[in-house]
Each structure stands twice: as C-alpha cells, then as structure tokens.
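The values are calculated or read from the model by the stated rules, or taken from the named source; none is laboratory data. A quick note: this is a predicted structure, and the numbers were derived from the prediction, not measured. Heads up, the Cβs are rebuilt from the backbone with ideal geometry, glycines too, and the neighbour counts pull from every protein chain shown.
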Amino acid sequence: MKKYLITLIPVILLGWQRGPEPERMPMSSVDTLTEVGNISEDLKPTEAQYRAEALVTRILSNYHYRKTKLNDSLSVAIYSKYLDDIDHNKMYFLASDVAQFDKYKNSFDEFLTKDDLDVPFEIYNRFRKRYQERSAYIHDLLGKPEPFDFTKDESLNMDREKAAWAQSKEELNDTWRKYIKSEALDLKLTGKADTAVVNTLRDRYKTRDRALARIRTEQVFQMYMNAYAESLDPHTNYFAPADADRFKQDMSQSLEGIGALLREEDNYIKIVDVIPGGPAFKGKQLKKEDRIMGVAQGDEGKYVDIVGWFVDDAVKLIKGPKGTVVRLQVLAADALPNASPREIRIVREKVKLEEQRAKSEIVSVNQGGKTMKIGVIDIPLFYRDFEGAQRREKEFASTTRDVQKLMDQLRKDGVEGIVIDLRNNGGGSLIEAVSLTGLFIEKGPVVQVKESMGDVEINSDTDPSIAYDGPLAVMVNRFSASASEIFAAAIQDYKRGVIIGEQTYGKGTVQSLINLNQWMPKESDPLGDVKMTVAKFYRVNGSSTQLRGVMPDLELPSAFKLNEYGEGSQPSALPWDQIASTRFEVTDNVNDKMISRLRDKYNQRLRSDEELKKLVEDLASFRKAREDKSVSLQIDKRRKERAEAEKKRDAVNSLEEEETEENTTTGVTPAKKKDIYLTEASRILADMVTIANEPTLAGAKKKN
C-alpha cells in the first residue's frame, strides 16, 4: 500500500515543533515590537521565484489530478482568488483599483506560462499603498479626543463577502469608522475605560502596521502561487522555502504548549484542529474554527490583544514551559456576531502520545425496562508507529491493535453492542483505516484509490478472522474526514453497522509532496515545495468520498448548515464522481427494514423526548440567529443583542453539563459528561440489538 498524505494538513502546531520558523521578530507583548521595513518601498520578485514559478506551472499543469488547462477560465479564477486573498473583506482596494486590475483577469494563464510576475506584484504593491492610507485614517481617528459616539443609532453588517468595492476613500473611511467603533464597543462592554479602549485599539493597529511591514517578497510570491494552486483544488498548495522546511519537519519532536493547530485568517488567529494528547484536547476547551482574541500569562497576567498578529508571533506568546498557565480570550466558531469572548485557562504541557490512543467506556441504557450495557470506543485519529512497525516491534502503536484490545475487554464486561466514535477525527493512517475495517468483516476490499493517470488500486483486508461480529454503530460529524470516512463508508457498504451523526467532511483526495529543487543544481537557491492532489478515494461500491463524504443512516441535529464547513464550503473542491464497484460480500447485520425501524424509533423520540426536542429547538434558533450578520453600534442595543447572543449560546452549551447520576428521563448513565449525541447513539444501538433479535428482519448474505 502506498504512503499518501490524506489528512487535513494545517500550518502551525502548538505543542509540537515543525521546524525552524521564518526569521520574524520575536514578541512577548505589544510593547516589545519595533518597526521593521518600510511599506512605501515596492516589493519585487527574485530570480529564484521566477524559476519556482516555471516549475510550479509545469508540475501543476501536467500532473495535478484535475488536468486543468491554463486558459482564460482558470485565469479568472486565479485572479479572483488572488484578489480575495489580499483584500478578503474589501476594506482596502477602491473600485477604481479593481477596474484597472480587471484588464489582466484573462491574462494570468499567460503570466504563468511566460514566467511573468510583474502584474501580481503590482497588485500587491497597490494594496500596500491603500493600506497606508487606511492606516493614516485609523490613527487619525483614534487620536481624536472622543472618537466614538455610542449613543448614535447606527449598525454595521459584519458579512462583507457580497459587498461592493468602495467608490471613494470617503466611503472606505466611513466603513472603517463603523468597523473600529464596533471593536471599541466590544472592548467597552468588557468593562474597559474609554482611554483603555482607545489605547488597546492603537496598539492593535500599530501591530498590524508592523506586521505588514515585515511581509517580504517570499510571502507575496507564495500567496500568488497558492492562488493558482488552490484554484485547482483546496488541498493543493505551494510552500515557500521557510514554510516548506517547517511542513516537512518531523512532528515527533515535542515542545510544551496547548496542543492546537492554528492559522491566521481575516486578522484573527483561528483553531484549525485540536491535537489529541494535548491539554486543550483533554480539557475540551477549544474547538475547530474558534478564534483567539487575547493571550495572558499565568493567572494574574494582563491580556495581550493578538488580533491582526502573524500566526508565528501568536505561537511564541501562547507556547511556554511545561506546567505554566496561559489564559486565552476565545470567540467560539459558532458564536453570534454580538457574543463576547470567553476566558479559557490552560496548563501547558507536552503533547502525550498515549492521549491520542483509542479509549473506551461503558454507557448504560434503559431499554424497555431492561438495562443494556453499550461499549463506546473513542478514536481521536488513525495513528500508526511506522518506525516501530518497520522494526517489527511487538507492541508498536496501532489504532487497530488498541481497538481490538478494547473490544476484547468490553466483551468480557458484557456489553451488548459497540459504538465507534469518530467525531472530529480528521484522518491519519490509511493502513490503519483498512486494517480496522478488517476487525469487523471477514475479508475483502475496503477502499479504492484512483490515480491521476486513471489506474485504480484496491486496498483490501486479507485476514479472514473477525474480531467482533456483534451490533455496531459508527458516530461521525462534519469534522470526521479522510481515513474516518474510508472506515465509515466501508462499514456502511458492507452493511456491517449503522452510521449515526452528520454528513462527514468530504475530503476524498490524496496529496503528494514534491520538492522543486530536485530539478535544480545542488548549489541553487531553495525554491520550496508543492503539495499536489494526485489521486481520489472511492468506496467499494464505486462512489467517491470526495465532496459528499458519508451520509449517515440516521442523521442527528446539527449546529451547522450543510455547506458551512467541510469540502463543500470550498469553491474549488473536486467534484463527486463514480467508478466501477468492486466485488464484496455484504453481511446480514443491517438491512433496509432495520434502518427504517431504527429511524421510526428515533423520530418518535424527537417528538416526545424533552431533551431532544430542546436540542432541536435550540439549534434551529441558533442557526437562524447566526444568519443575521448585522450588529448595532448603539451601546444599549448592542448590550441587549449581546445578552440575547449569550442566552442562545448558553442554551447550546447546557447540553454538556456535568452529570454523575443516572438520568431517569433518558435511562442513560454517562461515564463522564452528558453528551446528548452519544446518549442518542447508544439508544439507537440498543434499539438495533432488540430489532436484530426479531427473526423477520434477518437478511441473507448476497453478492454485490
């Protein structure tokens, strides 16, 4: 089986070290910043970047899975992506600037084939000029004795995706006035005095000025190359030399931190993922897409506002020695526009590999007057110690081996069914996804991999033994991806178990990492790397996991709209398609009649169970509230909006309260915290155990 990059791959890992960071100024607080560079000087490409452009263009044109030709259509996509990456919220460029740039929108294919970087750098240098104008206005505004009137009744639409480009500097000034007033109001409602509010904003925008001044030609070139690469698909990227070094660094080297993957987006530091084994993972305090607004050291330290910081600089502030405390101001991913940040306290420590490993618990379910024991195995990611496996160590870390041991123990404990929990599992080892599937089927194909030239490789389980043949459910959510989708899809296609939860992420593509310098003389300057999509995953029934992911047999209520997160939210995502089915033997564990009966029982609970009814109502109210992106800039109205936002957020958070005694309403005894989704999955599996004992529902094995 070939080695592929199949996980969602982010940029910075807190708690693990990916290698040397770019030479950027260290900063422990805003006060230590010093001016670097002069943004009035135009940035220009280097000779090495011209060579890198030629290589990237040749590689992506000829070897990317999509085989997209460089033409006017792709040119427009590259141009639009580049413009969006530079000025996503349309807060700097004027309509007149964009009108001038538009004459080039059909020419980016020619720029790439002719190794021409003049126009991309011209566009970015225009942005730097506009940034200086905005910066001058902002500092002038913040220098006024009373810059904001919070009694004036006006509002701001925070969603600028469909906004038009400003026609004049005056129009942009007014947009920025409202934007900064909104930031000031957020700070004021936390209890800050007016002078402290202004000082915080001054520091924030001085930080942004210095951040822009530190951007060099390498970052601009990388942004442009990624506009091209990511127009082909969202998982194809160009890494400039410094970022390439970081990406390839051995992640087994540990460093004290909180254990989270971060990126910078729209001036915020966002959580890409929470790493199993880290303190943030164990505390369940951070979630994907959360935004970190401020960082404080220890229990008494003053918060440093990190809005507008580079992710590298934020990392330096957040990480620290083992055993020390860091406090974060975090705005939740699903927070309403008026919500206030919450404080999170984390004790730094090394990422512990053992915390990444699968764990089990037993949930008790009252089913028709009888107490059923349901085993739950939580798999945070598909891990495998490849070096240990190569050395043929008997106890090397393996998801499959650990799950088998856990199942053996659960059977001894008398469980009547097992739930495999893959919620938030972003993937990992393809080998483990295949071998784990093999624990539940006799033998047969698990996943098909189609390469860019059309060749199809079938990865199969060849071991005829079955580790567990009892009732099985697999829990997934929107953030179950890659290897998780391969496992869930195989269990579903073999009708070996029921899939419960949300539609999964939909990442069904395979990437390969290519070093550009392999085609250059050894003494050449480093050119960076390309991570390129080279293959796609397909289920044993021939359907791709790309874009559509895995649809659950029983869908639980969700806080998110269908394409809000996941592959479907990416404009350049590769399409779903189908190839020929493989031959595989379907089991008799699950059939359509059983699924129908399970769905009926679940729908009955949705109508009658007070806890489920409240969940559905709260999530519907929350989704509706999130659609309104407008916020008031009048203090009393804003305070009221914030109170309403907090009320809705608390209603959702109340679903995870401490619960140590048996819940007499649901008949379920959780092992740790109340988890209404796990509660319902356990009920569904208990229903499945009961239904499976009805002989009229037994299916017969058949060939597919």
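Would you say Asp577 is farther than 29 Å from Phe221 by Cα, surrounded by fewer than 16 Cβ atoms within 10 Å (Cβ to Cβ), in contact with a Lys or Arg (Cβ under 7 Å, 6 or more places away or on another chain) and in the same structural domain as Asn459 (by TED's automatic domain parsing)? Before the answer, list the steps.
Details: farther than 29 Å from Phe221 by Cα: yes; surrounded by fewer than 16 Cβ atoms within 10 Å (Cβ to Cβ): yes; in contact with a Lys or Arg (Cβ under 7 Å, 6 or more places away or on another chain): no; in the same structural domain as Asn459 (by TED's automatic domain parsing): yes.
Judged against the criteria, Asp577 is not a match.
Could you tell me whether any residue of the range 628-635 is part of a helix (DSSP H, G or I), at pLDDT 90 or above and outside the structural domain of Pro445 (by TED's automatic domain parsing)?
Quick first cut of the range 628-635, residues part of a helix (DSSP H, G or I) only: 635.
The next check asks that each one be at pLDDT 90 or above; those that pass are 635.
Filter once more, keeping what is outside the structural domain of Pro445 (by TED's automatic domain parsing): 635.
For the range 628-635, residues part of a helix (DSSP H, G or I), at pLDDT 90 or above and outside the structural domain of Pro445 (by TED's automatic domain parsing): present.
Tell me which residues, restricted to the range 294-326, are crowded, with 18+ Cβ neighbours inside 10 Å and closer than 20 Å to Val197 by Cβ.
Correct list: Gly294, Val295, Ala296, Val304, Asp305, Ile306, Val307, Gly308, Trp309.
Can you tell me which residue among Glu53, Glu110, Glu133 is buried (at least 20 other Cβ atoms within 10 Å of the Cβ) and either among the β-branched types (Val, Ile, Thr) or not in a loop (DSSP other than H, G, I, E, B) (or both)?
On inspection, the qualifying residue turns out to be Glu53.
Read through the list (1) without any contact (Cβ under 8 Å) to a residue 60 or more places away in the chain; (2) more than 30 Å from Trp576 (Cα to Cα), then give the number of the only condition that Ser524 fails.
Result: Ser524 passes all but (1).
Please indicate, with yes or no, whether at least one residue in the range 12-31 is in contact with an Asp or Glu (Cβ under 6 Å, 6 or more places away or on another chain), at pLDDT below 95, surrounded by 17 or more Cβ atoms within 10 Å (Cβ to Cβ) and β-branched (Val, Ile, Thr).
yes
Does Phe386 meet the test of being surrounded by fewer than 21 Cβ atoms within 10 Å (Cβ to Cβ), among the aromatic types (Phe, Trp, Tyr) and farther than 30 Å from Glu627 by Cα?
yes
Residues are listed down the side, and each one gets a yes or a no for (1) within 27 Å of Ser569 (Cα to Cα); (2) in contact with a Pro (Cβ under 7 Å, 6 or more places away or on another chain); (3) of a type in the set (S, T, N, Q):
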{"site": "Tyr92", "(1), (2), (3)": "yes, no, no"}
{"site": "Gln100", "(1), (2), (3)": "no, no, yes"}
{"site": "Asn106", "(1), (2), (3)": "yes, no, yes"}
{"site": "Thr113", "(1), (2), (3)": "no, no, yes"}
{"site": "Glu122", "(1), (2), (3)": "no, no, no"}
{"site": "Glu154", "(1), (2), (3)": "no, no, no"}
{"site": "Glu161", "(1), (2), (3)": "yes, no, no"}
{"site": "Gln167", "(1), (2), (3)": "no, no, yes"}
{"site": "Leu172", "(1), (2), (3)": "no, no, no"}
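Determine whether the range 556-568 contains at least one residue that is in contact with a helix residue (DSSP H, G or I) (Cβ under 7 Å, 6 or more places away or on another chain), in a helix (DSSP H, G or I), surrounded by fewer than 20 Cβ atoms within 10 Å (Cβ to Cβ) and of a type in the set (A, V, I, L, M).
Scanning the range 556-568 turns up no residue that is in contact with a helix residue (DSSP H, G or I) (Cβ under 7 Å, 6 or more places away or on another chain), in a helix (DSSP H, G or I), surrounded by fewer than 20 Cβ atoms within 10 Å (Cβ to Cβ) and of a type in the set (A, V, I, L, M).
Determine which member of the set Gly427, Gly417 is assigned by TED's automatic domain parsing to the domain that holds Met372, of a type in the set (Gly, Ala, Ser), within 30 Å of Ala580 (Cα to Cα) and out of contact with any Lys or Arg (no Cβ under 7 Å at 6 or more places or on another chain).
Gly427
Against the definition (over 23 Å from Gly508 (Cα atoms) and either aromatic (Phe, Trp, Tyr) or part of a strand (DSSP E or B) (or both)), how does Ser364 come out, yes or no?
Numbers: over 23 Å from Gly508 (Cα atoms): yes; either aromatic (Phe, Trp, Tyr) or part of a strand (DSSP E or B) (or both): yes.
Considered against the rule, which asks whether it is over 23 Å from Gly508 (Cα atoms) and either aromatic (Phe, Trp, Tyr) or part of a strand (DSSP E or B) (or both), Ser364 comes out as yes.
Based on what the data block shows, is Glu349 acidic (Asp, Glu), out of contact with any strand residue (DSSP E or B) (no Cβ under 7 Å at 6 or more places or on another chain) and within 23 Å of Asn424 (Cβ to Cβ)?
Details: acidic (Asp, Glu): yes; out of contact with any strand residue (DSSP E or B) (no Cβ under 7 Å at 6 or more places or on another chain): yes; within 23 Å of Asn424 (Cβ to Cβ): yes.
Yes; evaluated as a whole, the condition is true for this residue.
Do we have Asp102 as under 25 Å from Gln546 (Cβ atoms) and either in a helix (DSSP H, G or I) or of a type in the set (Phe, Trp, Tyr) (or both) here?
Answer is no for this residue.
Return the residues of the range 148-198 that are within 18 Å of Tyr92 (Cα to Cα), surrounded by fewer than 16 Cβ atoms within 10 Å (Cβ to Cβ) and aliphatic (A, V, I, L, M); say none if nothing qualifies.
Within the range 148-198, Met158, Ala163, Ala164 qualify.
Right, Glu170: out of contact with any helix residue (DSSP H, G or I) (no Cβ under 7 Å at 6 or more places or on another chain), in a helix (DSSP H, G or I) and not aromatic (Phe, Trp, Tyr) or not?
yes
Can you find a residue in the range 591-599 that is over 21 Å from the mean Cα position of the chain (by Cα) and over 28 Å from Met688 (Cβ atoms)?
No: the range 591-599 contains no residue that is over 21 Å from the mean Cα position of the chain (by Cα) and over 28 Å from Met688 (Cβ atoms).
Which condition breaks for Phe310 when tested against (1) farther than 13 Å from Ala333 by Cα; (2) free of Cβ contacts under 8 Å to residues at least 60 places away in the same chain?
(2)
Can you find a residue in the range 361-368 that is of a type outside the set (Val, Ile, Thr), crowded, with 20+ Cβ neighbours inside 10 Å and under 18 Å from Lys284 (Cβ atoms)?
First pass over the range 361-368, keeping only residues of a type outside the set (Val, Ile, Thr): 361, 364, 366-368.
Those still in the list that are crowded, with 20+ Cβ neighbours inside 10 Å too: none.
No, the range 361-368 has no match at all.
Restricting the search to the range 493-547, which residues are charged (D, E, K, R) and more than 21 Å from the chain's Cα centre (by Cα)?
The answer is Asp493, Lys495, Arg496, Lys522, Glu523, Asp525, Asp529, Arg539.
With the checklist (1) touching a helix residue (DSSP H, G or I) at 6+ places or on another chain (Cβ under 7 Å); (2) within 30 Å of Ser61 (Cβ to Cβ); (3) among the small types (Gly, Ala, Ser) in hand, flag the one item Ser135 doesn't pass.
Of everything listed in (1) touching a helix residue (DSSP H, G or I) at 6+ places or on another chain (Cβ under 7 Å); (2) within 30 Å of Ser61 (Cβ to Cβ); (3) among the small types (Gly, Ala, Ser), Ser135 misses just condition (2).
Strands (runs of 3 or more DSSP E) wholly in the range 414-509 with at least 1 residues that are in contact (Cβ under 8 Å) with a residue 40 or more places away in the chain, hydrophobic (A, V, I, L, M, F, W, C) and surrounded by 19 or more Cβ atoms within 10 Å (Cβ to Cβ) - which ones?
417-421, 444-451, 472-476, 498-501
For the range 211-246, enumerate the residues that are farther than 23 Å from Glu567 by Cβ, among the hydrophobic types (A, V, I, L, M, F, W, C) and assigned to a helix (DSSP H, G or I).
If the condition is that a residue be farther than 23 Å from Glu567 by Cβ, among the hydrophobic types (A, V, I, L, M, F, W, C) and assigned to a helix (DSSP H, G or I), then Ala211, Leu212, Ala213, Val220, Phe221, Ala242, Ala244 are the ones that fit.
Taking Asp118, is it surrounded by fewer than 18 Cβ atoms within 10 Å (Cβ to Cβ) and of a type in the set (Asp, Glu)?
The answer is yes for Asp118.
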